[in-house]
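The values are calculated or read from the model by the stated rules, or taken from the named source; none is laboratory data. In this text, all values refer to a predicted model and were calculated from it rather than measured experimentally. Methodologically, a virtual Cβ is constructed for each residue, glycine included, from the backbone with ideal geometry; neighbour enumeration extends over all protein chains shown. Accessible surface areas use protein heavy atoms only, side chains included; no ligands, DNA or RNA. Shrake-Rupley method; radii C 1.70, N 1.55, O 1.52, S 1.80 Å.
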Amino acid sequence: MVRRNVSDLRAGMVLAEDVLTPGGRFLMPKGTTLDHGHVKSLLAWNLPDVGVVEGEEGAASPAAVPDVESVADAAAATVAERLRLLDPDHPLTPMLHRLALDQEVRRRKAAGDEDAAPPAEDAARPAEDAPPPPESPEALLRDEPKLVSPPEVYLRISEVLRNPASTVDDAAESIRHDPNLAAKLLRLVNSSFYARTMRAVRGRFPAKVDSLSRAVMVVGGRQLATLALGVSVLPLFQDIPPHWANMQEFWEHSVGCAVAAQTLAVALGRENAEAAFVAGLLHDIGRIVLFKQASTHMAAAMRQAAAARAPRFETERALLGFDHAALGGQLLQKWQFPANLEKMVRYHHDMDEPLFIEEPAIVHVADGLATAMGWGASGNRHVAPLAPAAWDALGLTAAGVAGLVPAMEARLAETMHSFFPDRAGPP
């Protein structure tokens, strides 16, 4: 074994020992043949050096190193693995393969990386004496006092939404005293999505929306308050340690799901498409709570899902008795979110509730679409099978969804810039 500076690592080298993060958490196993994705991950952790197999600068034997594939071939292999759980006979599956492959090729070309395989699973090893799982979502939330008291601005907005007599001025006033929230909402309302809406409604190009009062006029008072409700709680979910989740990737997936859900809701003629946006934005917040409050069990769920090539919500249910969607719905109920938003989050992996199926079905399809397209990552390596009941409830066509994807991609980049100005989204 020889030790090599991480900056000198190359694809094809073989690890001679397990690699740990600076905090002592497991990162990659001994025997891993490094690819470009592995090298990027090691560089991101700022490790000084790692042990590699001695000889030929740590390279694997020629028989062990695969030939470098073309961008198209490497992208096709990645997409095939990502979509392997989908029913090939589902009408949406061929379209998702085509669109995801196009996106993956573009992403790889933009990155200048022909072999950008995802890094190894970055979850902590569970302790031998792992604690018992939480009794219920309610018990788990009781142990997170920070989530008991949402921001003050949230309480003001929530009051406006619950009061049917609230006015346009009330909606604007509930947001006005939080400059950061107001700025994010104004950037959202100035996006091309709302510009197109204004042109369709008023037949002209709108002027720049430079005040909350004008934003209320463009979007609608209750719709803007709904957007503000979701955006106002985002700061509560920013402190997850990087060894559990890449939060930039997590929020890119969440925003991708949000814009897909809103776009689908508009195409379906839903009156309050902003509710679909917020539900998509918050659909995985239960997973963040699990990272913080049940980290040992989440580590096991992550590894089991990767080993079995199964959706992670299934391994969460097996280990905890509930999944992140049920936990997220419980949290929104605790905060007294509007019932439709709570149900959209709670049931987006469960189409067995016929009374609620149409709204959760929008988030279900949007989540699958965002995962298939590789818009960020929330921890799922594979797209969960699309529920036929959700597809049937929405009455969509594959061609119709395909026609919406370019607008979704543009909106994702724009919205990511609104929330996180230093990150613009996918290429």
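Among the conditions (1) open to solvent by 30 Å² or more (accessible area, probe 1.4 Å); (2) modelled with pLDDT under 70; (3) not in a loop (DSSP other than H, G, I, E, B), the only one that Gly37 does not satisfy is (1).
Of the residues in the range 189-216, how many are surrounded by fewer than 21 Cβ atoms within 10 Å (Cβ to Cβ) and modelled with pLDDT of 80 or more? Even if it seems obvious, please write down each step before you answer.
Step one: list which residues in the range 189-216 are surrounded by fewer than 21 Cβ atoms within 10 Å (Cβ to Cβ), which gives 190-192, 194-208, 210-211, 213-214.
Next, only the ones that are modelled with pLDDT of 80 or more stay: 190-191, 210-211, 213-214.
The total comes to 6.
Looking at the range 375-391, which of the residues that are within 14 Å of His324 (Cβ to Cβ) and under 13 Å from the mean Cα position of the chain (by Cα) is least open to solvent (accessible area, probe 1.4 Å)? Let's see the steps before the verdict.
Of the residues in the range 375-391, the ones within 14 Å of His324 (Cβ to Cβ) are 378-380, 384.
Subset that is under 13 Å from the mean Cα position of the chain (by Cα): 378-380.
On the way: Ser378: 10, Gly379: 33, Asn380: 40 Å².
Going through the qualifying residues, I end up with Ser378.
Listed by first and then second residue, the pairs with beta-carbon distance under 6 Å, at least 6 apart or on different chains, first residue in the range 73-101 and on the phi < 0 side of the Ramachandran plot, second hydroxyl-bearing (Ser, Thr, Tyr) and open to solvent by less than 60 Å² (accessible area, probe 1.4 Å), are Leu86/Thr93. Of Leu234, Leu161, Leu155, all but one fail to be at pLDDT below 85, closer than 21 Å to Asn340 by Cα and out of contact with any helix residue (DSSP H, G or I) (no Cβ under 8 Å at 6 or more places or on another chain); the exception is Leu155.
Within the range 346-374, restricting attention to residues that are surrounded by fewer than 23 Cβ atoms within 10 Å (Cβ to Cβ) and among the hydrophobic types (A, V, I, L, M, F, W, C), the residue that is farthest from Gln262 (Cα to Cα) is Leu355.
Can you confirm whether Thr263 is polar (S, T, N, Q), open to solvent by 10 Å² or more (accessible area, probe 1.4 Å) and touching a residue at least 24 places away in the same chain (Cβ under 8 Å)? Yes. How many of the residues making up the range 83-115 are open to solvent by less than 20 Å² (accessible area, probe 1.4 Å) and modelled with pLDDT under 60? The qualifying residues number 1. Taking (1) modelled with pLDDT of 85 or more; (2) over 19 Å from Leu264 (Cα atoms) in turn, Gly403 satisfies each apart from (2). Scanning the range 271-291 for residues that are assigned to a loop (DSSP other than H, G, I, E, B), surrounded by fewer than 24 Cβ atoms within 10 Å (Cβ to Cβ) and in contact (Cβ under 8 Å) with a residue 12 or more places away in the chain returns a single hit, Asn272. Quick check on the range 324-335: of everything there that is in contact with an Asp or Glu (Cβ under 8 Å, 6 or more places away or on another chain) and open to solvent by less than 10 Å² (accessible area, probe 1.4 Å), which residue is farthest from Thr371 (Cα to Cα)? The residue in question is Leu332.
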